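Pasting a structure here, questions to come.
The values are calculated or read from the model by the stated rules, or taken from the named source; none is laboratory data. Here the structure is a predicted model, which is why all the values come from computation and not from measurement. As a convention, Cβ positions derive from the backbone with ideal geometry for all residues, glycine included, and neighbour counts pool all protein chains shown. Heavy atoms of the whole protein, side chains included, go into the accessibility calculation; ligands, DNA and RNA do not. Shrake-Rupley method; radii C 1.70, N 1.55, O 1.52, S 1.80 Å.
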Amino acid sequence: MITVFHPFTAILFCASLLMTGCTPSPQYRVSLQRNHDDGFLHTLWVHDGTGNVSSLEYYAYVSSYLLKPLEYRDDVIKLEWLDAGEEPVFFDLFRNGKRYLLIHDFGGGKYGPYHLRVIEFDADGWRQIYYGPTGEIPRLDDVNGDGRFEFRHFDDFSTPLATMNPCGVLVLAYSNGKLMPDRELNKKMPMTSEDLSALEKKYNKFIHEFGYASSDNGEDVKAYFVKETLIGLLYGGNWHQRDQVIQYLKYNPASGEQLKTKILEEVQASPYYVFIMNLNSQ
């Protein structure tokens, strides 16, 4: 048996479309439901106003909520859960004439995990185009200030520390119905001598402060920082500076070689592996 997760089933009229004008047809009715027998199973139901009904089933370990805007700040929109009785909000994310719903999933732990779903609506129907990690208070970012929002993909890497994981991060932009990494948005400028000096200070501070406050040994603390830095180079198209960074931080060359090898092995698991390697090919 399926019971309503939110205590409403709302009709979405033109007034519920954020940051764009009215779209007279179709007038979607949307409801988000949780399965009574399996509380992890949720269903998004969509009625398109012409008698057609379609749905998306997915698992969210504790809760799943439609989102609305909370706060606007420059090129950032902070989001919050829709309150009971409120109409779902359509977002104009990419200025392409399409509508988007945002759904926030909560995993139930002290720190989440939290995930964001992006549902796209157009004349051909609707579909989920993105599902990825987000924060307790999710947000939308316009990275380059062009009025279209981007999303971030996170690749987890193994860690020498007990409590922290380094991540490779890519900016995803909308293109041909998909969110894909964009070369211009991900390619970073090479590190300058000033950047390297600042990195060295950050490295020494990290070793002192984190090493003092944790039970991890000093070599693992150093390895974490260097690995995280090298991953940043790789995902920013500056892998050619890896040896320069290792030397500048006076990190053990043999350990540095092991980190480089491990990173190249692990990055192959990324769905965007080819893009990452092409980003570093020139």
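Can you tell me which residue in region 240-253 is surrounded by the fewest Cβ atoms within 10 Å (Cβ to Cβ), limited to those that are in contact (Cβ under 8 Å) with a residue 12 or more places away in the chain and more than 16 Å from Ile207 (Cβ to Cβ)? Break it down stepwise before answering.
We begin by selecting, within region 240-253, every residue in contact (Cβ under 8 Å) with a residue 12 or more places away in the chain; these are 240-246, 248-249, 251.
If we keep only those that are more than 16 Å from Ile207 (Cβ to Cβ) as well, we get 240-244.
Working: His240: 11, Gln241: 17, Arg242: 20, Asp243: 14, Gln244: 14.
Going through the qualifying residues, I end up with His240.
Starting from residues that are out of contact with any Asp or Glu (no Cβ under 7 Å at 6 or more places or on another chain) and of a type in the set (Gly, Ala, Ser), keep the ones in region 149-192 and report whichever is least open to solvent (accessible area, probe 1.4 Å). First the steps, then the outcome.
Of the residues in region 149-192, the ones out of contact with any Asp or Glu (no Cβ under 7 Å at 6 or more places or on another chain) are 151-156, 159, 163-164, 169-170, 174-184, 186-192.
Now drop any that are not of a type in the set (Gly, Ala, Ser), which leaves 175, 177.
Working: Ser175: 55, Gly177: 25 Å².
Selected residue: Gly177.
So, one more: Considering region 57-76 alone, what residues qualify as being open to solvent by less than 40 Å² (accessible area, probe 1.4 Å), part of a strand (DSSP E or B) and aliphatic (A, V, I, L, M)?
Within region 57-76, Leu66, Leu67, Val76 qualify.
Quick check on this structure: which one of Gly232, Gly237, Gly256 is part of a loop (DSSP other than H, G, I, E, B) and surrounded by 14 or more Cβ atoms within 10 Å (Cβ to Cβ)?
On the way: Gly232 fails: part of a loop (DSSP other than H, G, I, E, B); Gly256 fails: part of a loop (DSSP other than H, G, I, E, B).
The conditions single out Gly237.
Related question: Going through region 141-191 one residue at a time, which ones are part of a loop (DSSP other than H, G, I, E, B) and among the charged types (D, E, K, R)?
Keep residues of region 141-191 that are part of a loop (DSSP other than H, G, I, E, B), which gives 142-149, 157-166, 176-177, 182, 187-191.
Result: Asp142, Asp146, Arg148, Asp182, Lys187, Lys188.
Still on this structure: Identify, from the list Asp216, Asp243, Asp220, the residue that is in a loop (DSSP other than H, G, I, E, B) and among the acidic types (Asp, Glu).
Working: Asp243 fails: in a loop (DSSP other than H, G, I, E, B); Asp220 fails: in a loop (DSSP other than H, G, I, E, B).
Of Asp216, Asp243, Asp220, the one residue that is in a loop (DSSP other than H, G, I, E, B) and among the acidic types (Asp, Glu) is Asp216.
Please enumerate the residues belonging to region 54-92 that are of a type in the set (Phe, Trp, Tyr) and in contact with a Gly (Cβ under 7 Å, 6 or more places away or on another chain).
Of the residues in region 54-92, the ones of a type in the set (Phe, Trp, Tyr) are 58-59, 61, 65, 72, 81, 90-91.
The one that is of a type in the set (Phe, Trp, Tyr) and in contact with a Gly (Cβ under 7 Å, 6 or more places away or on another chain): Tyr61.
Evaluate the following for Glu136: is it open to solvent by 40 Å² or more (accessible area, probe 1.4 Å), over 30 Å from Asp48 (Cα atoms) and either of a type in the set (Val, Ile, Thr) or part of a helix (DSSP H, G or I) (or both)? Even if it seems obvious, please write down each step before you answer.
Details: open to solvent by 40 Å² or more (accessible area, probe 1.4 Å): yes; over 30 Å from Asp48 (Cα atoms): yes; either of a type in the set (Val, Ile, Thr) or part of a helix (DSSP H, G or I) (or both): no.
No, not satisfied.
Please go through region 203-216 and pick out each residue that is exposed (fewer than 12 other Cβ atoms within 10 Å of the Cβ) and either closer than 25 Å to Leu264 by Cα or not assigned by the TED database to the domain that holds Gln241 (or both).
Hits for region 203-216: nothing passes.
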